[in-house]
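J.: Quick one: structure below, then a few questions.
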Amino acid sequence: MPFTSEQQTRFEKAVAKYPHKQAALLTCLWIAQEIDGYITTAAMEYIAQLLEIPPSHVISVLTFYSMYQTEPIGKYHIQVCHTLSCALAGAEKIISHLENRLGIEAGETTEDQLFTLTRVECLASCGTGPMCQVNRSFHENLTPEKIDALLDTLKKEGAAHGPQS
């Protein structure tokens, strides 16, 4: 098993909250991601076995949602909405600015593992675009200047806390 007995207990407690094991899939994926920072193949297999569902079902759910990662990502995951409302408000300009500032393209992680930049579908903040989500925090009505300030703050915060483990 890829998890310690304490971690396995977390999964089992999550499953026990639902009348049907399969209903715990999203919760179990979230737990696996919290443990490793992304969802490993071993975690997918463990979850499929625990919930008594085919691994293909776990993978289909996992890849449907942008909140789950199947590869390691940076300490700060910058997800920029590029759907219609945000696109009309200037999302491409924001993405381009982020790519230039970070020296990466969307879908990549900086060499220092501090930032991962991802284009995502609607983040349900259509009236405040362009917007992005950094980890679990929304940043709305973005401008290149707001992006610069945000990146500067995150870089200082990341340096103060040392490398991601």
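J.: Mind listing just one residue for me: the one in the stretch 125-139 that is more than 13 Å from Ala91 (Cβ to Cβ) and assigned to a loop (DSSP other than H, G, I, E, B) and, of those, nearest to the chain's Cα centre (by Cα)?
T.: Asn135
J.: With the requirement that a residue be touching a helix residue (DSSP H, G or I) at 6+ places or on another chain (Cβ under 8 Å) and under 30 Å from Cys132 (Cα atoms), what does the stretch 12-32 give you?
T.: Passing the criteria: Ala14, Ala24, Leu25, Leu26, Thr27, Cys28, Leu29, Ile31, Ala32.
J.: Might you check whether a residue that is at pLDDT below 95 and closer than 30 Å to Leu150 by Cα occurs anywhere in the stretch 92-109?
T.: yes
J.: When you scan the stretch 101-133, how many residues do you find that are of a type in the set (Gly, Ala, Ser) and exposed (fewer than 14 other Cβ atoms within 10 Å of the Cβ)?
T.: The number of residues fulfilling the criteria is 4.
Condition check ((1) over 27 Å from Met44 (Cα atoms); (2) charged (D, E, K, R); (3) in contact with a His (Cβ under 8 Å, 6 or more places away or on another chain); (4) outside any strand (DSSP E or B)) across all residues:
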| residue | (1), (2), (3), (4) |
| --- | --- |
| Gln79 | no, no, no, no |
| Glu92 | yes, yes, yes, yes |
| Leu123 | no, no, no, yes |
| Leu150 | yes, no, yes, yes |
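J.: Can you tell me how many residues in the stretch 78-94 are touching a strand residue (DSSP E or B) at 6+ places or on another chain (Cβ under 7 Å) and farther than 14 Å from Leu123 by Cα? Steps first, please.
T.: First pass over the stretch 78-94, keeping only residues touching a strand residue (DSSP E or B) at 6+ places or on another chain (Cβ under 7 Å): 78-82, 91, 94.
Pick out the ones that are also farther than 14 Å from Leu123 by Cα and you get 94.
The number of residues fulfilling the criteria is 1.
J.: Confirm whether Gln22 is outside any helix (DSSP H, G or I) and without any contact (Cβ under 8 Å) to a residue 60 or more places away in the chain.
T.: Against the criterion (outside any helix (DSSP H, G or I) and without any contact (Cβ under 8 Å) to a residue 60 or more places away in the chain), Gln22 does not qualify.
J.: Let me ask another. Test Leu142 against the criterion of being touching a helix residue (DSSP H, G or I) at 6+ places or on another chain (Cβ under 6 Å), part of a strand (DSSP E or B) and crowded, with 19+ Cβ neighbours inside 10 Å, and give yes or no.
T.: No; evaluated as a whole, the condition is false for this residue.
J.: Only one of (1) in a helix (DSSP H, G or I); (2) closer than 26 Å to Gln113 by Cα; (3) not aliphatic (A, V, I, L, M) fails for Phe3. Which number is that?
T.: (1) is the only condition that Phe3 fails.
J.: For the stretch 95-114, what are the residues that are assigned to a helix (DSSP H, G or I) and either polar (S, T, N, Q) or in contact with a strand residue (DSSP E or B) (Cβ under 6 Å, 6 or more places away or on another chain) (or both)?
T.: So in the stretch 95-114, the residues assigned to a helix (DSSP H, G or I) come out as 95-102.
Correct list: Ile95, Ser96, Leu98, Asn100, Leu102.
J.: Could you tell me whether Ala42 is outside the structural domain of Thr128 (by TED's automatic domain parsing), surrounded by 12 or more Cβ atoms within 10 Å (Cβ to Cβ) and in a helix (DSSP H, G or I)?
T.: yes
J.: Now for a different question. Taking the condition of being surrounded by fewer than 16 Cβ atoms within 10 Å (Cβ to Cβ) and at pLDDT 95 or above, how many residues in the stretch 62-83 meet it?
T.: Counting residues in the stretch 62-83 that are surrounded by fewer than 16 Cβ atoms within 10 Å (Cβ to Cβ) and at pLDDT 95 or above gives 0.
J.: Out of (1) surrounded by 15 or more Cβ atoms within 10 Å (Cβ to Cβ); (2) outside the structural domain of Gln133 (by TED's automatic domain parsing); (3) assigned to a helix (DSSP H, G or I); (4) at pLDDT below 95, the odd one out for Glu34 is which?
T.: Tallying (1) surrounded by 15 or more Cβ atoms within 10 Å (Cβ to Cβ); (2) outside the structural domain of Gln133 (by TED's automatic domain parsing); (3) assigned to a helix (DSSP H, G or I); (4) at pLDDT below 95, Glu34 fails exactly one: (1).
The values are calculated or read from the model by the stated rules, or taken from the named source; none is laboratory data. Computed from a predicted model, the values in this text were never measured in an experiment. We place every Cβ from the backbone using ideal geometry, glycine too, and count neighbours over all the protein chains shown.
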